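Inspection log for the structure reproduced underneath, given as structure tokens.
The values are calculated or read from the model by the stated rules, or taken from the named source; none is laboratory data. None of these values were measured; they are calculated from a predicted model. Here the Cβ positions follow ideal geometry from the backbone for every residue, glycine too, while neighbour counts run over all protein chains shown. To get the accessible areas, we keep the full protein, side chains included, count just its heavy atoms, and leave off ligands, DNA and RNA. Shrake-Rupley method; radii C 1.70, N 1.55, O 1.52, S 1.80 Å.
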Amino acid sequence: MHTNDQSTDTLPKRIAVFGSGGGSNARALVEWSIVPANNAPYTIGLVVATSATAGITSVAADYGIPLLVLERSIPADEQTRLLLEALADHGIDMVALAGYLRRVETAVIDAVHGHILNIHPSLLPKYGGQGMYGAAVHQAVINGGDRESGATVHIVNARYDEGRILAQERVAVDPGDSAVTLAAKVLDVEHQLYPRTIANYVDHLVNHESMPRPR
Ligand code: GRF
């Protein structure tokens, strides 16, 4: 379990959340972390957005969290340089992807020693991989006639959606569900699952600092 011991290993891990969309998962991560009863072992120390108009930027503004915006017009090499600089400047230990629609370079994964997680709105390995994001995932589940779907939190490696699965939670697909109603049900589950899974992951790290890198 996490303790309040102030030695370096037990200080809250500083997490950067990367996103391209509405930012509801980023908001859920922040809000869970500031509930005193949760005794959160992590704090959100940086938000990275792929556009200044993405909803996730308002999470940074609302909670006074540093924000880095990586507009598409910035050359890829420069984006990587800016990201690495921001991770270092803000003492980031770990990255949580939340609807991040850009490739994460190996240098970024290495900068946080492979401690980079993602949340995906299906029961991986089903409905993962390139092009499987947003409504496409939920429409594919419905087209496939699946009776259940859900959310998956996994470790990110160089291949889309293929890193080790840490946690999943299921929702029923009801006969009347559309991609829109299914997305809403899965998103509700995501908002519970992601903070708890990250907290468990961090607790595990804190208590097993000698564990091998997660890839
Ligand atoms: C979520 O469904 C997440 O699983 C997926 O992208 C969506 C992001 O939503 N990777 P939000 O920006 O957190 O609201």
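A few comments on the model shown:
- If you take all other residues with their beta carbon under 14 Å from the beta carbon of Leu70, and give Lys and Arg +1 and Asp and Glu -1, the sum is -1.
- Two-site label geometry, Ala88 and His113: point separation in nm, points 7 Å out along Cα→Cβ: 1.8
- The chain: calculated mean residue ellipticity at 222 nm from DSSP helix runs of at least 4, using -39500 (n - 2.57): -11000 deg cm²/dmol
- Positive end of the dipole of the chain (Cβ unit charges, origin at the Cα centre): among Ala199, Ser58, Ser122, the Cα lying farthest that way belongs to Ser122.
- Each Lys and Arg Cβ is given +1 and each Asp and Glu Cβ -1; about its Cα centre, the range 82-128 then shows a dipole of about 360 debye.
- About the centre of its Cα atoms, the chain shows a dipole size close to 320 debye [charges on the beta carbon of Lys, Arg (+1) and Asp, Glu (-1) only; nearest 20 debye].
- As a fraction of the 1.4 Å probe accessible area of the range 59-188, surface on carbon and sulfur atoms comes out at 53 percent.
- Solvent-accessible heavy-atom area per residue, rounded to whole Å², over the chain at 1.4 Å: 49
- The range 103-173, relative contact order in percent, only Cα pairs under 8 angstrom and at least six apart counted: 34
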